[in-house]
1. So what is the relative contact order for region 49-257, in percent, with contacts set as C-alpha pairs under 8 Å and at least six apart?
2. Can you give me the relative contact order of region 161-258 as a percent, contacts being Cα pairs under 8 Å and 6 or more apart?
3. In whole Hz and in residue order, list the ³J(HN,Hα) couplings for region 162-175 that follow from phi through the Karplus curve 6.51 cos²θ - 1.76 cosθ + 1.60, θ = phi - 60°; x for Gly and Pro.
4. Tell me, what is a quarter of the convex hull surface for the C-alpha atoms of region 130-185, in nm² with one decimal?
5. Count neighbours as other Cβ atoms within 10 Å of each site's Cβ, and list the chymotrypsin sites (Phe, Trp or Tyr not before Pro) in region 118-205 that are DSSP loop with at most 13 such neighbours.
6. For a quick check of your reading of the filter: which trypsin sites (Lys or Arg not before Pro) in region 88-190 sit in a DSSP loop and have no more than 16 other Cβ atoms within 10 Å?
7. Which entries of 89/112; 59/112; 89/246; 210/253; 79/108; 164/246 show an alpha-carbon separation above 20 angstrom in the structure shown?
8. Please compute P(r) over all alpha-carbon pairs of region 49-257, binned at 5 Å starting from zero, and give each bin as a whole-number percent.
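Values in this text are rule-based calculations from the coordinates and carry no lab data. Source: prediction; values computed, not measured. Here the Cβ positions follow ideal geometry from the backbone for every residue, glycine too, while neighbour counts run over all protein chains shown.
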Amino acid sequence: MGKGGGCVPSKKRLPLVASDDPPRTIVDGQIPAEGRSPSTDATAAFEDRALEPPLGELKIFIVFYSMYGHVEGLARRMKRGVDGIEGVKGILYRVPETLSPEVLEQMKAPPKDDEIPVISAAELVAADGILFGFPTRYGSMAAQMKAFFDSTGQLWNEQKLAGKPAGFFVSTGTQGGGQETTAWTAVTQLAHHGMLFVPIGYTFGAGMFKMDSIRGGTPYGAGVFAGDGTREPSETELALAEHQGKYMAAVVKRLSRA
């Protein structure tokens, strides 16, 4: 570091997001018994994983909860973005449903697509990066997604998710219904695991400034306005989701080379 010069970037470092590839890092259970604390070997385990070269195709898990299909629509388009980056594959997963079939029927929720498997917390370890999608409930994540995060206690205890990149995408009923707060309040889940929050910022360019139509999505991640449940995602909202998938894939790919 020179006088007043700050840190000097390495000449070998590639630009972050100009091409197909920016930043990856490293890499489930019930809440551990009271008094338990994370493994004291967490730092060593993190450093060991950081030194491991990526083996084969990188995997980004797109883990979501969707009651009426709006979040699922974003997730499917997001997978297209991930798959568009060479060497990276997007995999769709649902979190377990907590409502009974009878309640879901009364709420007129459509049936789930059986081709998208339900994920367990333990399976998160196999991902190189994760995109979590969920609808809002009073400005924070839906109970189904919170229950899933609550099941990751053993992963927290063993620091299995520390250093893993993650992002969010959401659905809200109204324009003031939590497009940003739903992501804000979800960041605490990542912080306790030591995960790396990857927002999209304004990398979508002009699409982030469109004011001629209703558009969900924020610098925190893609989003859709569901209205009374009948409104479908617009092409702009879907394009933002695709962009987020591509952006995350590029970040993960870059980190895998670090």
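1. Details: 400 pairs, mean separation 57.0, N = 209.
Value for region 49-257: 27 percent.
2. Working: 133 pairs, mean separation 31.6, N = 98.
Relative CO of region 161-258 lands at 32 percent.
3. These are the phi-based 3J(HN,Hα) values: 4, x, 7, x, 8, x, 10, 9, 9, 9, 10, x, 9, 5 Hz.
4. Values: hull surface 15.6 nm².
That works out to 3.9 nm², a quarter of the Cα hull's surface.
5. Numbers: sites: 132, 138, 148, 149, 156, 168, 169, 184, 197, 202, 204; in loops: 138, 202, 204.
Here the sparse-neighbourhood loop sites are 138, 202.
6. On the way: sites: 89, 94, 108, 112, 137, 146, 160; in loops: 108, 112, 160.
Here the trypsin sites (Lys or Arg not before Pro) that fit, given the DSSP loop and packing criteria, are 108, 112.
7. Working: 89/112 23 Å; 59/112 23 Å; 89/246 10 Å; 210/253 29 Å; 79/108 27 Å; 164/246 17 Å.
The pairs that break the limit, which is 20 Å between Cα atoms, are 89/112; 59/112; 210/253; 79/108.
8. Here the calculated profile for region 49-257 is 1, 7, 16, 21, 21, 16, 10, 5, 2, 0, 0.
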